[in-house]
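Contents: one structure, followed by commentary.
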Amino acid sequence: MSSQGSKNELDNLDLTLRPQRWEDYVGQEKVKKNIRIIIEAAKQRNEPPEHLLFYGNPGLGKTTLAHLVSKEIGTEIRITSGPSLEKAGDLAAILTNLNEGSILFCDEIHRLNKTLEEYLYPAMEEFKLNLILGRGPMARTTELKIPRFTLIGSTTRLSLVSAPLRSRFGVIFGLNFYNLSDIERILQRSSRILNIEADDDALKIIAKSSRFTPRTANHLLKRVRDFAQVKGNGRITKEITKQAFDSLEIDNIGLLAEDRRILKTIINKFNGGPVGLKTLAAATAEEEDTILDIYEPYLMRLGFIIRTPRGRVATDLARRHLGLKAQKRKLLF
Ligand SMILES: Nc1ncnc2c1ncn2[C@@H]1O[C@H](COP(=O)(O)OP(=O)(O)OP(=O)(O)O)[C@@H](O)[C@H]1O
Ligand SMILES: [Mg+2]
């Protein structure tokens, strides 16, 4: 998505601004509290903490949380991801090279293939791997012991994580959208780190357009800084922020041109819905996954879209925001 920046740029920004201490990890208080208790208890028992599964929309802080857990325990963290593991050998290489107590972070764990999932179960439960060596009648299995480790899985789609895999995690934590004051705090911290001078009322506007998501907030801050540099004197003011958002076609609640197009498609082409995901994706030329991961969660959070068994429906709130008339009520009897 152009207005969200390129993947590389996001990675760099994520790294610079990623909180390294719990104090800097704003919000998600319940999750933080519970994770710290789990870690403390495991430390007292002198064993690695249980396997943890984090789920939530992109950019809400799952990877950051995993790094904080590893810091708190004082062990290394190895990073892998569901789609990057193809063969049993890939997984075996990673698992057998772990150190006692290591954390293995598996991003996009819902995309791990089913065969590898089966290999992972005994690894998670009993810290062993059953490998099949050779093929056909000559094939035999060997059991490999692996170091005791903690798996931290991360997913944007909890519903796609199979029940057997889910049940092998000790605790499952869901990250929610942040509230505005948390996002403002994140923006203040980011401004300090990036040496940006910004007015409070400007940061408030950016927070309001952040989709309640730290990564998006940081990304917008950077975009507005570019504007302040080129069109102003470097300071982020309310006026500069508004100019930047106009130019990027981001509205006062953070909707992008793409969000508005999705809403208008449902309203104009499908009479407000219900419309199925496939049809909507085809009509807007968006990927189904992008609609599910990026656009829809925020539109639902705003109450602009509701999901029904027959598909997505746009609400009158959405119509009002777009300056359209409310829909005439259909008579039900
Ligand atoms: N609680 C937080 N406090 C401060 N900054 C945060 C917080 N959560 C996330 N961030 C910022 O947002 C960036 C993105 O977070 P992170 O990479 O952890 O998200 P994610 O949930 O792993 O996303 P994805 O699903 O795309 O992998 C971080 O680098 C950090 O700058
Ligand atoms: Mg991540």
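Table for the structure above
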{"quantity": "Of Ser70, Leu52, Thr80, farthest towards positive along the dipole that unit charges on Lys, Arg, Asp, Glu beta carbons give segment 22-87", "calculated": "Leu52"}
{"quantity": "Ranked by how many other beta carbons lie within 10 Å on average, peptides 293-302, 229-238, 170-179 from highest", "calculated": "293-302, 170-179, 229-238"}
{"quantity": "Relative contact order (percent, whole number), the chain, Cα cutoff 8 Å, 6+ residue spacing", "calculated": "16 percent"}
{"quantity": "Listed residue pairs exceeding 26 Å between alpha carbons, taken from Lys33/Lys238; Lys30/Lys242; Lys62/Lys208; Lys32/Lys114; Lys204/Lys231; Lys269/Lys325", "calculated": "Lys33/Lys238; Lys30/Lys242; Lys32/Lys114"}
{"quantity": "Leu322-Lys242 FRET efficiency (beta carbon distance; Förster radius 25 Å; 0.05 resolution)", "calculated": "0.80"}
{"quantity": "Listed residues Phe149, Phe270 arranged by accessible area, highest first, probe 1.4 Å", "calculated": "Phe270, Phe149"}
{"quantity": "Label point distance in nm, Glu72-Thr142, each placed 7 Å from Cα along Cα→Cβ", "calculated": "3.8 nm"}
{"quantity": "Mean Cβ neighbour count within 10 Å, used as a protection proxy, ranking 245-252, 182-189, 107-114 highest first", "calculated": "182-189, 107-114, 245-252"}
{"quantity": "In sequence order, calculated HN-Hα J values of segment 84-93 (Karplus, 6.51, -1.76, 1.60; Hz; x Gly/Pro)", "calculated": "7, 9, 9, 10, 4, x, 4, 5, 4, 4"}
{"quantity": "Distance from segment 95-157 to segment 187-225 (C-alpha centre basis), Å", "calculated": "40 Å"}
{"quantity": "Nearest-0.05 FRET efficiency for Trp22 and Gln229, computed from C-beta distance (R0 25 Å)", "calculated": "0.15"}
{"quantity": "Taking the convex hull of Cα positions in segment 257-321, its mean projected area over all directions (nm²)", "calculated": "3.7 nm²"}
{"quantity": "Efficiency of FRET from Cβ geometry, Ser167 and Lys269, R₀ 41 Å, rounded to 0.05", "calculated": "0.45"}
{"quantity": "Sequence of Met138, Met124 when ordered by accessible area, the most exposed leading, probe 1.4 angstrom", "calculated": "Met138, Met124"}
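The values are calculated or read from the model by the stated rules, or taken from the named source; none is laboratory data. These numbers were taken from a predicted model, which means no experiment stands behind them. FYI the Cβ positions are ideal-geometry reconstructions off the backbone, even for glycines, and counts take in every protein chain you see. In case anyone asks, the SASA skips ligands and DNA or RNA and just uses the protein heavy atoms, side chains included. Shrake-Rupley method; radii C 1.70, N 1.55, O 1.52, S 1.80 Å.
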